[in-house]
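Participant: Can you read through this structure? Questions will come right after.
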Amino acid sequence: MKKFIDESWLVLTMGIAFAALLAGAQTTWQGKIRENQAKALNLAVAEVVPAMDAEQERETLDIDGNTVFKCRAADGSLAGWAVQASGGGFIDKINVVVGISPDGSEIIGVKVVSHLETPGLGNKIERVEGNPFPYQFDGKSTATPFALTKQTPATDSEIQAITGATYSSQYTMDIVNDVLTRIVPQLPKE
Amino acid sequence: MAAETGNLEQFKTGILDNNPVLVQLLGMCPALAVTNSVENALVMGGAATFVVVMSNLITSLLRNLIKPHVRILIFTLTIATFVTIADLFLKAYLFKVSQAIGAFIPLIIVNCMIICRAEVVAIKNGVGKSLADAFGIGIGFTLSLLTLGIIREILGSGTFLNYQVLPKTVWDTHAWIIMILPPGAFLTLGVVVGVVNYMRERGKVGA
Amino acid sequence: MEFIAILLSVVLVNNLVFQGFLGICPFLGVSRKVDMAFGMGCAVTFVITMAGAITWIIMHLILHPIAGNMFGDKLALNFLQYVAFIMVIASMVQLVEMYLKKFFPPLYTSLGVFLPLITTNCAILGACLYIYMKPETQSFLNALTYAFGGGIGFMIAIVIMAGIREHLLFSDVPKPFRGAGITLLVAGILALAFTGFTGIGK
């Protein structure tokens with residue numbers, strides 16, 4: 001027993017000390033981390049439902065496991081729905097917010113909130129200027145799921161893949177299609 | 001490494017003669033994984049430097065208490081703790097970057113460069129020398145990541161820190177996509193290691 | 001079918017070494033001879049599978065429930081994740097080390113210092129973390145398949161590399177590129193070849 005204590009007291013003490021240190025760091029920064037995440041989400045929601053008024057109260061629903069925000073315009077009318085969704089990417093999950101029009105018939109916009117796709121290629125799924133890919137979804141009907149093409153799209157339900165990043169395009173589109181087929185039909189009618 | 005080398009020497013050797021990535025070939029995984037852009041390389045270098053400094057500090061303070069066969073356990077415990085702290089810090093204050101390279105930060109734990117410094121230097125030397133060594137190694141590591149990051153970002157995306165430096169029209173159609181993909185990382189590092197060897201050989205002959 | 005998809009994906013398409021840059025140090029360090037590389041591959045496969053299973057249990061059956069009961073948020077204790085994972089891996093490696101020392105002394109001596117360094121093989125920690133992050137490996141059996149496949153992928157990579165390096169001995173490589181330089185260039189070409197697998201499994 002004495003030998004055991006002799007050999008391991010340092011490991012045990014250090015384990016306890018470090019756990020306390022980590023708990024301290026976690027509690028100190030947790031608020032800030034949550035704030036960052038909430039801010040990123042709010043920005044994304046505001047981008048995919050531009051008619052939304054930040055002052056209006058936002059209702060949060062849970063539809064089939066996905067978080068859906070019911071966003072209102074300044075006059076209190078329904079501005080649109082923002083559906084949070086995620087799916088597998090190349091390395092890590094791709095987290096997306098999809099903006100849907102009030103009657104559920106149209107996509108307003110698609111914004112990738114976080115991802116770990118290859119910089120320079122897969123990261124062209126980000127909704128920033130110069131990346132045409134995510135803007136292709138804007139204004140499209142929610143009636144038919146999308147299909148990926150490598151050429152210039154022939155029909156409205158085709159999405160052109162990013163050159164060199166067909167997979168990242170596919171993953172992102174799959175998430176949007178999942179929202180269309182699973183969540184959109186369940187959106188409550190107003 | 002002679003025991004009587006001064007702190008300054010210890011600091012310099014980490015940057016040049018004992019450069020962890022280019023000469024000792026340690027810590028290769030992050031060197032390959034996050035160097036597709038300059039920004040990622042800088043943050044990874046900074047985080048790894050913080051961890052190697054803290055781990056060398058703790059190991060060197062406790063060096064007389066650590067029993068030989070539990071030392072690996074203690075090293076990894078220390079490193080894992082400070083990596084978690086670095087990870088939380090990045091999430092709190094550099095949220096954007098942490099989203100970009102978040103998955104690679106925990107891999108600093110298994111960066112053999114750090115455990116190697118604890119084993120080779122910190123457990124045998126005083127705090128001053130261990131710290132000098134840690135800063136040298138950290139800076140050497142950051143510089144080599146930066147070199148790779150610059151080459152790969154310019155050739156692969158035609159940008160430097162996200163500013164377009166090569167003509168965009170050419171790079172939109174003829175980019176060396178391969179440079180930002182995994183094979184480009186191996187090829188770039190192979191060439192850089194070769195060039196560094198060549199220069200070290202020549203330096204020796206000249207002197 | 002799902003298992004095959006996960007296995008193919010992690011062995012060929014998303015090979016931990018060539019696509020994920022994990023486990024590069026042993027990949028370069030222990031790839032001089034094929035039999036040594038094979039031994040290393042087996043040891044890593046064993047550790048990765050065991051560690052994958054145990055870390056899954058730690059996250060889903062210990063940390064999440066405890067955090068859920070104590071703080072009402074099942075992710076509240078996730079800051080202990082890295083420390084817990086690395087401790088599991090370190091103990092698994094210790095186990096393998098003792099086992100090899102007792103039953104396969106020649107392999108034990110030839111692996112030498114690289115054996116304890118399996119702890120710092122980032123393929124193992126990386127695979128465990130990916131299992132926790134990926135949506136398709138949240139069930140226990142899928143996680144186990146992914147971990148096992150990760151080990152096999154590592155083994156394939158390191159054995160191919162060793163095979164090539166045995167032949168490299170006889171070729172006239174420019175002096176500055178001997179050793180690490182040419183090995184990395186070969187690895188680059190191999191990675192290029194593995195890029196060709198993209199498209200399988202989808």
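Participant: List, please: which pairs have Cβ atoms under 8 Å, are six or more places apart or on different chains, and start with a residue in the stretch C:57-80 that is within 14 Å of another protein chain (Cβ to nearest Cβ) and end with one that is in a loop (DSSP other than H, G, I, E, B) and surrounded by fewer than 16 Cβ atoms within 10 Å (Cβ to Cβ)?
Facilitator: C:Ala67/C:Asp73; C:Ala67/C:Leu75
Participant: Taking the stretch A:28-64 as the search range and keeping residues that are under 14 Å from the mean Cα position of the chain (by Cα) and free of Cβ contacts under 8 Å to residues at least 40 places away in the same chain, which one is nearest to A:Glu106 (Cα to Cα)?
Facilitator: Among them, the one singled out is A:Ala46.
Participant: For the stretch C:24-62, give me the residue count where each residue is touching a Phe, Trp or Tyr at 6+ places or on another chain (Cβ under 9 Å) and not hydrophobic (A, V, I, L, M, F, W, C).
Facilitator: 9
Participant: Taking only the stretch A:69-106 into account, find how many residues are over 18 Å from the mean Cα position of the chain (by Cα) and not basic (Lys, Arg).
Facilitator: 12
Participant: Something else: Answer yes if at least one residue in the stretch C:185-202 is surrounded by 14 or more Cβ atoms within 10 Å (Cβ to Cβ) and away from chain B (no Cβ under 14 Å), and no otherwise.
Facilitator: Checking the stretch C:185-202: at least one residue is surrounded by 14 or more Cβ atoms within 10 Å (Cβ to Cβ) and away from chain B (no Cβ under 14 Å).
Participant: Taking the condition of being of a type in the set (Val, Ile, Thr) and either closer than 9 Å to B:Ile58 by Cβ or over 19 Å from the mean Cα position of the chain (by Cα) (or both), how many residues in the stretch B:71-80 meet it?
Facilitator: Total satisfying the criteria: 3.
Participant: Still on this structure: Based on what the data block shows, is B:Thr35 of a type in the set (Val, Ile, Thr) and part of a helix (DSSP H, G or I)?
Facilitator: Here the answer is no, as B:Thr35 does not meet what is asked.
Participant: Tally up the residues in the stretch A:125-172 that are in contact with a strand residue (DSSP E or B) (Cβ under 9 Å, 6 or more places away or on another chain) and assigned to a loop (DSSP other than H, G, I, E, B), please.
Facilitator: 16
Participant: List the pairs whose first member sits in the stretch A:164-183 and is hydrophobic (A, V, I, L, M, F, W, C), whose second member is assigned to a helix (DSSP H, G or I), and whose Cβ atoms are under 6 Å apart, counting only residues at least 6 apart or on separate chains?
Facilitator: Listed by first residue and then by second, the contacts come to A:Ala165/A:Gly122.
Participant: Run B:Asn64 past the list (1) more than 26 Å from C:Phe114 (Cβ to Cβ); (2) in a helix (DSSP H, G or I); (3) over 12 Å from the mean Cα position of the chain (by Cα) and report the number of the one that doesn't hold.
Facilitator: Among (1) more than 26 Å from C:Phe114 (Cβ to Cβ); (2) in a helix (DSSP H, G or I); (3) over 12 Å from the mean Cα position of the chain (by Cα), the lone unmet condition for B:Asn64 is (2).
Participant: Also: Is at least one residue of the stretch A:125-137 within 17 Å of A:Phe90 (Cα to Cα), surrounded by fewer than 20 Cβ atoms within 10 Å (Cβ to Cβ) and within 14 Å of chain B (Cβ to nearest Cβ)?
Facilitator: Yes, because at least one residue in the stretch A:125-137 is within 17 Å of A:Phe90 (Cα to Cα), surrounded by fewer than 20 Cβ atoms within 10 Å (Cβ to Cβ) and within 14 Å of chain B (Cβ to nearest Cβ).
Participant: Name the single residue that is farthest from B:Asn56 (Cα to Cα) among those in the stretch B:83-95 being facing another protein chain (nearest Cβ under 9 Å) and out of contact with any Pro (no Cβ under 9 Å at 6 or more places or on another chain).
Facilitator: For the stretch B:83-95, the residue satisfying everything is B:Phe95.
Participant: Among B:Val170, B:Val195, B:Val165, which is the only one that is without any contact (Cβ under 8 Å) to a residue 40 or more places away in the chain, within 14 Å of chain C (Cβ to nearest Cβ), surrounded by fewer than 20 Cβ atoms within 10 Å (Cβ to Cβ) and of a type in the set (A, V, I, L, M)?
Facilitator: B:Val195
Participant: Within the stretch B:113-125, is there a residue that is at pLDDT below 85, under 14 Å from A:Met14 (Cβ atoms) and more than 9 Å from chain A (Cβ to nearest Cβ)?
Facilitator: no
The values are calculated or read from the model by the stated rules, or taken from the named source; none is laboratory data. On a predicted model such as this, the values are computed, not experimentally measured, just so you know. Backbone-built Cβ (ideal geometry, glycine too); neighbour counts: all protein chains shown.
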